[in-house]
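Participant: Below is a structure I'd like to ask you about.
Laboratory data are not the source of any read-out in this text; all were calculated from the coordinates shown. What you see is a predicted model; the values in this text were computed from it and never measured. All Cβ positions, glycine included, derive from the backbone under ideal geometry; neighbour counts span all protein chains shown.
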Amino acid sequence: MEKKITISQLQEVAAQAHEQFKDNTDGKNADYIPYLANINPNLFGISICLLNGQVIEIGDTSYRFGIESVSKVHTAILVLRQYGAEKLLKMIGADATGLPFNSIIAILLENDHPSTPLVNAGAITACSMVEPIGDSGKKWDAIVSNITDLCGSAPQLIDELYKSESETNFNNRSIAWLLKNYNRIYDDPDMSLDLYTRQCSLGITAKQLSVAAATIANRGMNPVTQRQIFDPELSPKITSLISTVGFYERTGDWLYTSGIPAKTGVGGGVMGVLPGVMGISAFAPPLDESGNSVKAQLAIKYIMNKLGLNVFNGEGVAIE
Ligand code: GLU
């Protein structure tokens, strides 16, 4: 069976979601990174990119916010592009930690067993793996150009965020060196941590994230630039990583209630992938206690449920 949805229906439901939640004041901006604490909490944008390249935008979709942990997906893709699916599994892993994004206990508990590139520890390991090993400048270029490929346009470093995060990332420094202790970092630990911090400080828009999500949903072909960015066979691997741990210790609840694999970041962005259908992104700074944007979650859930879309429905979807 195939479900049919019109583009105007999708536009209408996205506009309803924006209208319904724009005045919601629940949650608060991330406060452990000083720059993020001061972002306007009323910003709110929703963007949907269809696989024909058409983008639906509502609200603040051109505002550049900190990509933060959503970048973990992008760099996991880069590592998959450079090393392939098997090596990622062996060198980092693909298991949920069931613990918060910055957990040190997770590393201690699983010291003989790698975890996922979508929590801080695995993401720092992923940065350490980016080729060419030993060359921080070239590694950074590879990270940025991979994000540019996926989004169809370049991200821009938010210097103030990078500075703010570098000055306060004590927990992540411990993670980098603990990983080194367990031989789970494959380049210089300080350099790997710096690359991770810098990638989290890249400014990105909701529109760009929806295009990146659509590239994953479209088996590696960016629907806007029409360029094949990664091997189509990697697409289900990426979506499986996102499904397992995209919302950290809240991932099961998220998937159960929203029906879409999605990745969050403490900058307020959420990027959702509906394979074969669309990429969706929402952005609003105030977060719940697990570090996930309150309004972005509400908006994406509303759109999915209202349209009866669900990755587990087992039905094809045609958007025309
Ligand atoms: N840069 C943030 C950190 O490492 C990212 C956390 C997140 O977005 O979940 O703490």
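Participant: Could you grab me the full set of residues in the stretch 267-320 that are part of a loop (DSSP other than H, G, I, E, B), charged (D, E, K, R) and closer than 19 Å to residue 252 by Cα?
Facilitator: 288, 289
Participant: Looking only at the stretch 292-320, which residues are more than 23 Å from residue 151 (Cβ to Cβ), within 16 Å of the ligand (Cβ to nearest atom) and of a type outside the set (A, V, I, L, M, F, W, C)?
Facilitator: Selection gives nothing.
Participant: Condition test on residue 178, is it out of contact with any Ser or Thr (no Cβ under 7 Å at 6 or more places or on another chain) and assigned to a helix (DSSP H, G or I)?
Facilitator: For residue 178, the condition - out of contact with any Ser or Thr (no Cβ under 7 Å at 6 or more places or on another chain) and assigned to a helix (DSSP H, G or I) - is met.
Participant: Go through the stretch 273-291 and report how many residues are crowded, with 24+ Cβ neighbours inside 10 Å and either over 17 Å from residue 51 (Cα atoms) or in contact with a Lys or Arg (Cβ under 8 Å, 6 or more places away or on another chain) (or both).
Facilitator: Residues that pass the stated criteria total 6.
Participant: Residue 289 versus (1) in contact (Cβ under 8 Å) with a residue 24 or more places away in the chain; (2) within 16 Å of the ligand (Cβ to nearest atom): which is the lone unmet condition?
Facilitator: Answer for residue 289: the failing condition is (1).
Participant: Being more than 16 Å from the ligand (Cβ to nearest atom), crowded, with 24+ Cβ neighbours inside 10 Å and under 21 Å from residue 205 (Cα atoms): is that true of residue 218 here?
Facilitator: Yes; evaluated as a whole, the condition is true for this residue.
Participant: Of all residues in the stretch 1-48, which are more than 21 Å from residue 318 (Cβ to Cβ), touching an Asp or Glu at 6+ places or on another chain (Cβ under 9 Å) and among the hydrophobic types (A, V, I, L, M, F, W, C)?
Facilitator: 30, 33, 36, 37, 43, 44, 46
Participant: Of all residues being more than 14 Å from residue 294 (Cα to Cα) and assigned to a loop (DSSP other than H, G, I, E, B) in the stretch 252-266, which is nearest to the ligand (Cβ to nearest atom)? Just the residue, please.
Facilitator: Of everything passing the filter in the stretch 252-266, 261 is nearest to the ligand (Cβ to nearest atom).
Participant: Out of (1) crowded, with 20+ Cβ neighbours inside 10 Å; (2) within 16 Å of the ligand (Cβ to nearest atom), what's the single condition that is false for residue 244?
Facilitator: Here residue 244 meets the rest and fails (1).
Participant: Another question, then. For the list (1) more than 15 Å from the ligand (Cβ to nearest atom); (2) touching a residue at least 40 places away in the same chain (Cβ under 8 Å); (3) under 27 Å from residue 52 (Cβ atoms); (4) crowded, with 18+ Cβ neighbours inside 10 Å, I need the number of the one condition that residue 187 fails.
Facilitator: Failing condition for residue 187: (3).
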